[in-house]
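Reading through the structure tokens given below for one structure.
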Amino acid sequence: MKRSVVVEDAALNTPFGTSIPEVFSKLAEKRTAFKTIGRFKTDSFLNDVSAEIRVNECSEESIIWQIIKPLREKIISWNADYLLLATTKGEVDLLEKECRSNDEFDYSLPGFLARSLEYFNISDGMLVSAACASSNSAIAQASEMLILQQFSRIAVIGIDIVSKFVYSGFSALHALSGDRSDFPVKPFGAERNGLIPGEACGALLLTTDSGQKDNCGRIIGWGSSCDANHVTGPSRDGDGLARAVNEAIQLSEISVDSVSGIFAHGTGTLYNDAMEIKAFQSIFSDRIPVYSLKGALGHTMGASGILETIIALQALKLKEIPPTCGCEKPDLDALGWVFPELKKITGNCILKTNSGFGGINAALMLSG
């Protein structure tokens with residue numbers, strides 16, 4: 001029996017705003033959200049820009065809660081009976097301020113989950129921290145729970161913020177782009193040299209398939225794998241990601257030819273992008289449009305999958321895939337796959353992939 005989970009509603013907060021059509025429009029216009037960082041000093045790092053959401057830097061409240069706040073009323077109205085919270089670092093900005101000295105407050109990830117359950121008035125939940133595949137993994141987990149009828153209405157929230165801890169980590173790994181141009185991130189580009197962090201919050205309400213037509217789309221397949229290759233580097237041949245993608249395709253019970261496009265992880269780093277293209281080439285006999293939004297909104301880490309899923313569902317609705325911002329000259333292996341211009345599509349399925357440190361890969365198959 002074919003499995004299908006309904007995306008009943010969606011919400012997001014990005015440097016481009018909280019309107020899904022407006023965010024998509026800016027992506028289609030090849031706008032970027034990168035600006036000079038004001039939160040911390042960048043003298044010792046490879047770059048000095050990020051894609052940040054405007055917040056009150058002087059507030060004692062975590063940036064996390066300032067970013068979530070515009071979505072709170074809508075998420076509460078969903079009346080979800082379970083929460084899956086996806087993040088890599090949670091309230092890391094408070095840890096940087098050494099708030100752990102307050103013994104009465106728990107800044108751990110479980111503590112973040114407990115506060116989120118109370119904030120959204122949801123009785124039970126789970127925190128998913130699977131590196132940069134956190135959101136995709138959480139969406140897959142929620143889909144399984146719905147198919148098994150463990151719950152009927154699950155809210156999935158993905159969020160991460162730009163912090164000195166994360167920025168310095170990418171810089172130390174030489175994964176941070178040293179490009180000081182207006183387009184510092186060039187996903188799948190011949191001249192790509194790294195990523196730039198961004199921040200976002202995305203939320204989905206997933207429900208069981210009751211046949212209703214008024215929704216954002218459907219999750220029809222999911223898959224995961226682990227390369228077990230390196231603590232940070234992906235497997236060079238893309239075999240791990242290919243396994244996750246094939247699992248998602250098999251579960252969705254569609255043919256490979258039914259996939260109209262791919263919303264890839266596309267970090268702009270040398271090895272990630274090469275690995276992804278190799279994985280896609282091993283699965284798809286014909287080239288199809290591959291897109292990354294990280295050239296416009298940066299790498300939002302644990303929020304990447306849910307943010308990109310929301311935009312992918314909008315792409316299915318409009319039957320068009322935005323241009324990959326920053327990739328004016330695709331790498332030779334990416335020619336015919338990645339485009340610097342908007343591409344029209346005719347089908348009804350998009351593949352969504354994410355990969356993270358530790359070799360984890362997660363794939364979703366989306367339909368309109």
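Things to note:
- Hits in the range 341-356 - residues which are in a loop (DSSP other than H, G, I, E, B) and touching a residue at least 40 places away in the same chain (Cβ under 8 Å): LEU342, ILE345, THR346, GLY347, ASN348
- With respect to (1) farther than 21 Å from PRO340 by Cβ; (2) modelled with pLDDT of 95 or more, the lone exception for TYR271 is condition (2).
- Residue pairs whose Cβ atoms lie under 6 Å apart, separated by 6 or more positions or on different chains, with the first residue in the range 320-338 and in contact (Cβ under 8 Å) with a residue 24 or more places away in the chain and at negative phi and the second part of a strand (DSSP E or B) and of a type in the set (Phe, Trp, Tyr), are ILE321/TYR291; THR324/TYR291.
- Inspection of the range 162-177 finds no residue satisfying the criterion of being touching a Cys at 6+ places or on another chain (Cβ under 7 Å) and either closer than 21 Å to SER77 by Cα or assigned to a helix (DSSP H, G or I) (or both).
- Cβ pairs under 7 Å, 6+ apart, first in the range 198-210 and surrounded by fewer than 24 Cβ atoms within 10 Å (Cβ to Cβ), second among the acidic types (Asp, Glu): LEU205/GLU8; LEU205/ASP9; THR207/GLU8
- Boolean, LEU206 is outside any loop (DSSP other than H, G, I, E, B), at pLDDT 95 or above and under 16 Å from ASP273 (Cβ atoms): no
- Condition broken by THR346, with the remaining ones in (1) modelled with pLDDT under 95; (2) β-branched (Val, Ile, Thr); (3) closer than 19 Å to ARG192 by Cα satisfied: (3)
- Which numbered condition PHE165 misses (of (1) modelled with pLDDT of 95 or more; (2) surrounded by fewer than 22 Cβ atoms within 10 Å (Cβ to Cβ); (3) under 20 Å from the mean Cα position of the chain (by Cα); (4) not acidic (Asp, Glu)): (1)
- Evaluated against (1) within 19 Å of the chain's Cα centre (by Cα); (2) of a type in the set (D, E, K, R); (3) farther than 22 Å from ASN229 by Cα, ASP286 falls short on exactly one condition, (1).
- Among the criteria (1) more than 20 Å from the chain's Cα centre (by Cα); (2) buried (at least 18 other Cβ atoms within 10 Å of the Cβ); (3) farther than 18 Å from CYS201 by Cα, the one GLN141 does not fulfil is (1).
- CYS325 meets all of the listed conditions (1) under 28 Å from GLY17 (Cα atoms); (2) under 13 Å from the mean Cα position of the chain (by Cα) but one, namely (2).
- Test: residue in the range 348-365 that is out of contact with any helix residue (DSSP H, G or I) (no Cβ under 7 Å at 6 or more places or on another chain), under 24 Å from ASN246 (Cβ atoms) and of a type outside the set (Phe, Trp, Tyr): no
- When the range 248-300 is filtered for residues that are over 30 Å from ALA51 (Cβ atoms) and charged (D, E, K, R), the ones remaining, listed by number, are GLU253, ASP257, ASP286.
The values are calculated or read from the model by the stated rules, or taken from the named source; none is laboratory data. Bear in mind that the values here come from a model prediction, so they are computed numbers and not experimental data. Every residue, glycine as well, gets a Cβ built from its backbone with ideal geometry; the counts of neighbours run over all protein chains shown.
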